[in-house]
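Engineer: I'd like to ask you about the structure that follows.
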Amino acid sequence: MPAPFFPGLDAGRHPDAFAEDGMVHVPTGALLIRGGGRTILVDAGLGPREIEFPEGLQPDDSDMGAGGGLPIALAEAGCSPADVDTVVLTHLHYDHVGWIAPQGKRYFPNATVLYGAQDWAALVEPVGRHDWTRMGLETVRGHGHLRALHGDVEIARGVTARHAPGHTPGHYVLDVTADGRRVVLLGDVLHTPAQLGDSNIRFVSDTDPSLALLTRQRWLREVAGTDTIVAPAHFPGLQFFRVTADRVAEPVDAVAVGS
């Protein structure tokens, strides 16, 4: 993505945010939570497709990106789509919903899909019925496996979905605790490591930029200088890390919380 996707991001002040091609490279991640007889997938990627830049923001003739890696990643983790009992969508942007039901066929046949209630009216109803995201969600709803979240909700033992609006009205963070350890899956609360030191940097698709800023500041205050491990959905390398007291990302090589 080019710099205009990140209002407030200055290449002079944050050169590490940019790759050699002058772009901000933004991977799209999903996370798997297993334990206590549960298998929970957090977000569902782009799906098996390519996406184009929005009109007016295309820097060249290339596409913005391509999906398709989630099935391989799940297989490498020893997880089949049928193993997943719950899919939690941190929000309903297309890059988090793509594998829910590509081409109108549920990819996770045994899963209940959870999403923030406020996102439906804001992000789904305004688009046409042939929109990829809407078709997938309507397919799951037609099978009776779509459920809206209101407020903070315990999804499983030690796994709580916490409402964190701003990027979208129904955006959620997953707070995972076990055996005295804590991991926070931040979704799109943060989009680039540059926001750790400057929370005024925002993302172009933030629905409510002022509220998104407050949410970023709130979560950074909560995790900075603690043993809490965090994982945003789009950071380079899709790494887990701790945030030091002076707002620096300290990578964590591997994360295993509970059994």
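Readers should treat all values here as calculations from the given coordinates under stated rules, not as data from a laboratory. Note that this is a predicted model, so its numbers are computed, not measured. Note that each Cβ is placed from the backbone with ideal geometry, even for glycine, and that neighbours are counted across all protein chains shown.
Engineer: Which whole-number percent is the relative contact order of the stretch 80-133 (Cα, under 8 Å, 6+ apart)?
Structural biologist: 45 percent
Engineer: Based on alpha-carbon centroids, what's the gap between the stretch 119-142 and the stretch 165-182 in Å, whole number please?
Structural biologist: Measuring centre to centre over Cα atoms gives 23 Å.
Engineer: Let me ask you something else. Please compute the contact order of the chain in relative form: average sequence separation of alpha-carbon pairs under 8 Å and at least six residues apart, divided by the residue count, as a percent.
Structural biologist: Relative contact order of the chain: 17 percent.
Engineer: Dividing the alpha-carbon radius of gyration of the chain by 2.2 N^0.38 Å (N being the number of residues), what value is obtained? Please list the in-between numbers first.
Structural biologist: Numbers: Rg = 17.5 Å, N = 259, 2.2 N^0.38 = 18.2 Å.
The reported ratio for this selection is 0.96.
Engineer: Oh, and also: Convert each backbone phi in the stretch 231-238 into a coupling constant with the Karplus relation 6.51 cos²θ - 1.76 cosθ + 1.60 (shift: θ = phi - 60°), then list the ³J(HN,Hα) values in order as whole Hz, x for Gly and Pro.
Structural biologist: Those phi angles translate into 8, x, 7, 10, 5, x, x, 6 Hz.
Engineer: Please list the non-local residues whose amide H lies under 5 Å from the amide H of T39, H modeled 1.01 Å from N, same-chain partners needing a gap of 5 or more.
Structural biologist: Correct list: D85, T86.
Engineer: Return the sequence-ordered ³J(HN,Hα) values of the stretch 47-52 in whole Hz as given by the Karplus equation 6.51 cos²θ - 1.76 cosθ + 1.60 applied to θ = phi - 60°, using x for Gly and Pro.
Structural biologist: Values, residue by residue: x, x, 7, 9, 10, 9 Hz.
Engineer: Sum -39500 (n - 2.57) across every DSSP H segment of at least 4 residues in the chain, then divide by the residue count to get the 222 nm mean residue ellipticity, nearest 500. Don't skip to the answer; put the middle values down first.
Structural biologist: Values: 4 runs with 37 residues, N = 259.
Using -39500 (n - 2.57) per qualifying helix, the result is -4000 deg cm²/dmol.
Engineer: In addition: Using modelled backbone amide H atoms (1.01 Å from N, in-plane), which distant-in-sequence or interchain residues come within less than 5 Å of F240's amide H?
Structural biologist: Correct list: V252.
Engineer: Now for a separate question. In what sequence, highest mean first, do 231-241, 123-133 appear when ranked by Cβ atoms within 10 angstrom? Intermediate values should be presented prior to the final figure.
Structural biologist: On the way: 231-241: 19.1, 123-133: 13.5.
Ranking the peptides 231-241, 123-133 by packing returns 231-241, 123-133.
Engineer: Right, next: Collect residues whose amide H, placed 1.01 Å from N in the peptide plane, falls under 5 Å from the amide H of G65; neighbours closer than 5 in sequence don't count.
Structural biologist: When sequence neighbours closer than 5 places are left aside, the close amide H contacts are I51.
Engineer: Next question, about the same structure. Mean separation of Cα pairs under 8 Å and 6+ residues apart, divided by the residue count of the stretch 5-147: what relative contact order is that in percent?
Structural biologist: Details: 217 pairs, mean separation 29.0, N = 143.
Worked out over the stretch 5-147, it gives 20 percent.
Engineer: For all pairs of alpha-carbon atoms in the stretch 96-230, what percent lies in each bin of width 5 Å, listed from the first bin to the last filled one?
Structural biologist: Per 5 Å bin, starting at 0, the Cα pair percentages come out as 2, 10, 17, 20, 19, 16, 10, 6, 1, 0.
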